[in-house]
1. Could you please find all residues in segment A:268-295 being charged (D, E, K, R), under 15 Å from A:R253 (Cα atoms) and touching a His at 6+ places or on another chain (Cβ under 9 Å)?
2. Can you tell me which residue is nearest to A:G299 (Cα to Cα) among those in segment A:350-406 that are among the small types (G, A, S) and part of a loop (DSSP other than H, G, I, E, B)?
3. Which is within 27 Å of B:H182 (Cα to Cα) and of a type in the set (D, E, K, R), of B:R306, B:R316, B:R332?
4. For segment A:52-66, enumerate the residues that are closer than 15 Å to B:Q18 by Cα and either buried (at least 18 other Cβ atoms within 10 Å of the Cβ) or of a type in the set (V, I, T) (or both).
5. State whether one or more residues within segment B:41-60 are among the hydroxyl-bearing types (S, T, Y) and under 27 Å from B:R484 (Cα atoms).
6. Would you point out the residue of segment A:172-203, among those that are crowded, with 16+ Cβ neighbours inside 10 Å and assigned to a loop (DSSP other than H, G, I, E, B), that is nearest to the chain's Cα centre (by Cα)?
7. Does B:D73 count as acidic (D, E) and surrounded by 13 or more Cβ atoms within 10 Å (Cβ to Cβ)?
8. Which of the residues that make up segment A:77-106 are loosely packed, with under 14 Cβ neighbours inside 10 Å and either of a type in the set (D, E) or farther than 24 Å from A:P155 by Cβ (or both)?
2 protein chains.
Amino acid sequence: MHYPGSSNPPQYATLRQQLRDIADIEAILAILSWDRTTYMPAGGAVDRGRQSATLQRLLHQKATVPELGELLDSLQDFEASRPYSSIEASTIRIARHDYQRRIAVPSEFTARLTEHQIKTYGDWARAREADDFKIVQPALEKMLDLSLEFSSFFPQAQHPADPAIARADRDTDAQQLRTLFHHLRSQLLPLIDAIRASATPTSDALLCQEFDITVQQDFCRKLIERIGYDFKRGRIDTTIHPFTVGFGTGDVRITNRAFSHDLRESLFSTLHEMGHGLYEQGLDPVLSGTPLAAGASSGMHESQSRLWENIIGRSRAFWECCFPWLQGAFIRQLGKSSVRDFYAAINTVGRTPIRTRADEVTYNLHIIIRFELELAMLEGKLTIADLPEAWNAAYQKDLGITPTSDLDGVLQDVHWYTDRIGGQFQGYALGNLIAAQLYETALRTHPEIPVDLERGRFSTLHQWLQSNIYRHGCKFSTMELLERVTGRSLQVEPFISLLREKYTQLYRLE
Amino acid sequence: MHYPGSSNPPQYATLRQQLRDIADIEAILAILSWDRTTYMPAGGAVDRGRQSATLQRLLHQKATVPELGELLDSLQDFEASRPYSSIEASTIRIARHDYQRRIAVPSEFTARLTEHQIKTYGDWARAREADDFKIVQPALEKMLDLSLEFSSFFPQAQHPADPAIARADRDTDAQQLRTLFHHLRSQLLPLIDAIRASATPTSDALLCQEFDITVQQDFCRKLIERIGYDFKRGRIDTTIHPFTVGFGTGDVRITNRAFSHDLRESLFSTLHEMGHGLYEQGLDPVLSGTPLAAGASSGMHESQSRLWENIIGRSRAFWECCFPWLQGAFIRQLGKSSVRDFYAAINTVGRTPIRTRADEVTYNLHIIIRFELELAMLEGKLTIADLPEAWNAAYQKDLGITPTSDLDGVLQDVHWYTDRIGGQFQGYALGNLIAAQLYETALRTHPEIPVDLERGRFSTLHQWLQSNIYRHGCKFSTMELLERVTGRSLQVEPFISLLREKYTQLYRLE
């Protein structure tokens, strides 16, 4: 069959309508979740849980109905007749991917998993209160069983972690990541050793004075507005755990948090979420109502947040422009300091057992440790009973510290206790690597970016990201997009060389 | 068939499940609407409109599916075997009422109406900007046609306004209300004349000083918390048009607004919405997920807001307790005034063409005027072209004033321009009458209420309303509930005698 460019078959219109309904329901679920986290009174929890579950069930029905599969089958010729990157072919391709992903998992299993997630989350909260992993151990054991059951629905998977990894980062797998992370670790460890051996004194005391929370929040809001976050199509609120959520390109909301005695928290949580927010605000509006209106993957999304948070937000050039503004907000605390002092203070490298407090250099080690523990658990090489010890041993080996309690160890992150084991962490490390590789390419096209940053011209980089990344949504997989934009597969080197250059200068290494 | 008390037929469980889904979707639509009005950025409007419409369509499908009608039919014997006020019989009764109401109106019509409502609202906004009724006249003419078309779906109706009236206030109709309002007007006019003829000087100057908005909002929040509004199951936000919305008894939200130069706005909009909020927070939690978890009618709901706003909120007893607190918040502005001054200031009777600024005495005349104009339009006795003149003539006749422009006249209220013509206003007047009749009965059981109010014991009245009104939800119609609680049908006298007593004393009449 041949379809001339100007006319689409009627089944395609039907598909678009069905996909639009699915996208609308997904957006509504996201609104419910945003509200639950920001403004819902505590008393609303029970009803809200049921309301979300009802809508989730309707979504599942709509998204797994056999007619949708038949519709997608009937559109194979049409898909083949259109260019790979066309909105039509991409819509059908991604819709099929989503459909197959959804029908693979029985809804009976999803219901059981959801119920167990709620229980495990509760046990985790109690375990944290008592600082006693044993309280959540039985629930986590069952969670491991459920995670393996989940894998079993994808019999073609090479590794039990692969189905979970594929959900987050479509075209990667355990084997590839294991190799990549092995290489990354081998590059990081000597750099960390060199920094630790350096005699250059560093201190973050400048950032640990008292800073009025309201002034911090006001500054952060104005800063990201100045960079390019559009408040007519977004807003910022405060939550315990910062996040970004979009309900369409016209309504992309971020949250942050601020600590009165550590200025970093508000600045970098805001820049991080702004990065996610710029991505979602930058999706091509024609993708609206299709499954393409989302970031390419968890890794690609994280690359956008880490790029603004770290590569830009912890750069000298950025603060050459923005530090005087920050001084204006906190004259008493920062009025006598130089950009150089501030730049050094935000880039101190320390040893913390806490992932979210880690600096740029050691952060990926926290991820690699978690990733490898996940693989070991799923491979049956590590029992949940032995997990706390294995966690601590890994921290001792890679970071030279042992958490003093499970609170700072195995109970630290919520991920395993609220979702599944597998595929939870690789996106963070991928994000760091992708960000560096993209930035290297952006600099090749626009070597003026650092000078532009110093002058407050944030749009050079923002527009490059807009044209090369944001607008495509998830039309391309992470690796496809990376190849298209940088001409290369995923590399460790751009990240390592960025770090080397920066920290050699900061710590006067070699 | 006989169903022993302890076991319900399986169809009843199926019905409950279907009704729970319907209630959940209705709650989600309300959450979307709350968010749209409070925190949604402007850029979200288009997507949000589509998302809500999608969910509305799903709701309509679920709520009008023929299987639901068959299920209700199959439960007739079971319903008859249970007491009228049992949750089972009431659930089936109200579900049938809702089902029949919904299937009566073709969804094709609803779609056309919704589209025209959006257009008319836009034209109304432009007409207001230009202060020119002619801009919205054609749209309003079509709205009248659509309102008549709506009536035509209910061929058994005695009057074309009856179907719309029945939606808001289940067991009233145009004929009954016309008689009631005729009597009400005849009682009000002499009272208003007497007040106008009074030589007692009155002034609201005390309330028109400058009052810090933040302090007002803080005071209002604490005041309603002290009265009994539960912030663990609610919240208050600021919007242009205050409203109340519940998503279950655990999450009932109100909004208010404050003016810096008129203290009344925040105080009375908050007490008004608190009245609605206490009603929704007080629904029996076992009604959750059934169609009974709502107020009995628009009139009954309004009675609860007007009771707290006016009967309590403009009473001397209430402010004997609360005025010192208000003085504490505004020592400079109120520190030299007495409760007596304040009580007089909040009860000044004036002549305003604006319904929402009207005092307790004249308020109902604003409603009666609108109600009678609605009837005349639907009866074909008044054309839209003649509406502005008819509006002004009615104001001149009843209130002795002619609005100086359509902005203060026919363009004043949004109702006709955003919903339909018919059934829009009677609930406000019914609310005032019902509130007085309920309060009279409450006083008979608890003559100590005024003294309790003076001492800050708000719970006597609150608990009486809880046991007699709130908990029943919409199990009973307004008139059924009124009969049950007060032993009488709806009367004008309790309202009139409350006003007479209060204003005779305030204005030293007779």
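1. Step one: filter segment A:268-295 for residues charged (D, E, K, R), giving A:273, A:280, A:284.
After this cut, where a residue has to be under 15 Å from A:R253 (Cα atoms) as well, the list is A:273, A:280.
Hit for segment A:268-295 is A:E280, nothing else.
2. Step one: of segment A:350-406, the residues among the small types (G, A, S) are A:350, A:358, A:376, A:380, A:385, A:390, A:393-394, A:400, A:405.
Narrowing further to those that are part of a loop (DSSP other than H, G, I, E, B): A:350, A:358, A:380, A:385, A:400, A:405.
Details: A:G350: 25, A:A358: 18, A:G380: 26, A:A385: 30, A:G400: 27, A:S405: 30 Å.
Only one residue tops the list, namely A:A358.
3. Details: B:R316 fails: within 27 Å of B:H182 (Cα to Cα); B:R332 fails: within 27 Å of B:H182 (Cα to Cα).
Answer to the check: B:R306.
4. A:T54, A:L55, A:L58
5. Within segment B:41-60, the first condition is being among the hydroxyl-bearing types (S, T, Y), and the residues that meet it are B:52, B:54.
Filter again for under 27 Å from B:R484 (Cα atoms), leaving none.
Looking through segment B:41-60, none of the residues is among the hydroxyl-bearing types (S, T, Y) and under 27 Å from B:R484 (Cα atoms).
6. Ranking the qualifying residues of segment A:172-203, first place goes to A:T172.
7. Answer is no for this residue.
8. Answer for segment A:77-106, where residues must be loosely packed, with under 14 Cβ neighbours inside 10 Å and either of a type in the set (D, E) or farther than 24 Å from A:P155 by Cβ (or both): A:D77, A:A80, A:P83, A:Y84, A:S85.
The values are calculated or read from the model by the stated rules, or taken from the named source; none is laboratory data. Here the structure is a predicted model, which means the values were calculated and not measured. Note: ideal-geometry Cβ built from the backbone for every residue, glycine included; neighbour counts use all protein chains shown.
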